[in-house]
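Every read-out reported here was derived from the displayed coordinates using simple, explicitly stated rules and does not represent laboratory data. This structure is a prediction, so every number in the text was calculated from the model and none was measured. Don't worry about glycine lacking a Cβ; one is built from the backbone with ideal geometry, like all the others, and counts go over all protein chains shown.
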Amino acid sequence: MLAPLWQPFMEFAFMRQALFGGVALAMSAAPLGVLLMLRRMSLIGDAIAHGILPGAAVAFWLVGLSLPALTLGGLGAGLGVAGLAAWVTRNTGLREDASLAALYPISLASGVLLLGLAGRRLDLLGLLFGSALSVDAATLQAMVLVAVLSVVLLVPLYRPLLLDCLDPLFLRSVSRVGPWAYGLFLGLVVLNLVVGFQAIGALMMVGLMTLPAAASRFWSRRLPWRLLLAALLGGLAVWLGLLLSYHLALPSGPAIVVVAGAFYVLSVLVGPVHGVLQRSRQPIPL
Amino acid sequence: MMIHCHALLWGPARQPLTPPLIVHLPAGSFTAVTGANGVGKTSLLKVFAGLQRPLAGTLQVARGPVGYLVQQHAIDRQFPITLGELVAAGFWGQRLARAQKAERLQAALAAWQLDGLAGLSLQAMSGGQLQRALLARMSLTDAPLLLLDEPEANLDAAGQTLLWAHLRAWQAQGRTLLVVCHDAAAVRRHARHCLALAPERAELYEVA
């Protein structure tokens, strides 16, 4: 009776690869999302994901359909969007959310135009929304590598990031590590989004980054628990989402994100920390 | 000499807030910064802390970490951190044994009348508790220069007595203090020097 829960992964290597890679990536992307949310920077993921497109398009134009080239192109463009937004903010005082909101339609439009120039041979929908079919052994390796790298780097980054977003003036007055930690952290965000675009899609990776993070906020007031819970919810969403996409023949990225979305809605409703249905019992202390 | 500035202008671009400031503050001095709202007291502290660039003039601040006390509204109260973790951040960059840290943390909590509250979340703290926690964090830093922006805000009478006693103790340890303060009586009672800022003049005078 429980066979449908694991049978597709036993039967097809590509499903297995998508599962392993996706779960690994979800477990690194979701904690990054928790930290992004703490910094009130949830939107930057969205902007970077759109920003990846022109980079991937240029790489495709120059090199052709090669995973390392697409990844490098996406990485360069994603870092470029994040860096450009920070630069505009620093030099003009335009708020960071506004400068990001201005940059990502530019990236998306120029990406689509570049793909048009390249002759539409690259599947735009596949790039934005992902396809489990496209996860081969090399992609799986890249996903697991990025996931491990992110988690390993998050350990030393954790404390400076936390302090830098609670009280940046204090950290900047006692140490110079804040901006570096933040830059490295943004680099990890870009890396996670880029490497996930094969299986899950650049745009859908954003959902996998933010939804488990938002959901975890309704379950615990303690940050370590939130990070852990977000990682688990992200991994679970990948597993159930891949099953949904397999059994109903749906695209994998949106299926995964819809499952993550269901977790979020459930958390908003029944979560013990400020969940809607808990409100009568536990007033919000202000 | 802790802070040495000559013809210093600061504030928003092309709009310096006061005439050029010439100030020399020796190490171990206790200086109040006074002036009306919007005259640039907070910005001046940020310039001294190296967080904001001056518009013109020269500024030399002795090397070393700087303790900076922010105004409370800069702190996100939803942040998932406990009072104990917030205070312990004062150990940043210091090499201490774990037991020594725990001991000094307990001492700091006790000194600021926060014992037993280490597990309190940021959200559940009162304004006075948060203020004392921020001050306790500052007490754990080994910064020789302390910049405090309205430290008496949110503190009741007992809390303010505690505050001024600690500020004097820090000065006695040889630390240099700059304190933005609106309470003229407290300035007269506790500070040796007063840096009075106004749009038409900026001067340092000795408190009688």
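Taking other Cβ within 10 Å of each residue's Cβ, how do A:144, A:206, A:276 sort, fewest first?
Details: A:144 17, A:206 26, A:276 11.
In order of increasing Cβ crowding within 10 Å: A:276, A:144, A:206.
With θ taken as phi - 60° and the Karplus curve 6.51 cos²θ - 1.76 cosθ + 1.60 applied, the whole-hertz 3J(HN,Hα) list for segment B:171-182 is 5, 5, 6, x, 7, 9, 10, 10, 10, 6, 8, 9 Hz, x standing for glycine and proline. The residues B:156, A:167, when put in order of fewest to most other Cβ atoms within 10 Å, stand as B:156, A:167.
Helix B:98-111 and the longest principal axis of the C-alpha atoms of chain B enclose an angle of approximately 70°. Amide H contacts for residue B:207 (H built 1.01 Å from N in the peptide plane; partners 5 or more residues away or on another chain; cut-off under 5 Å): B:193, B:194.
Using C-alpha pairs below 8 Å separated by at least 6 residues, the relative contact order for chain A is 27 percent. Helix screen, chain A: DSSP H segments with Cα axial length of 30 Å or more and mean Kyte-Doolittle hydropathy at least 1.0 are A:13-38, A:42-63, A:96-117, A:137-166, A:223-247.
For residue B:197, the amide hydrogen comes within under 5 Å of the amide hydrogens of B:34, B:35, counting only partners 5 or more places away or on other chains and with H modelled in the peptide plane.
Counting only other chain Cβ atoms within 10 Å of each residue's Cβ, the peptide B:74-82 averages 6.
Listed from fewest to most Cβ neighbours within 10 Å, the set B:170, A:180 follows the order A:180, B:170.
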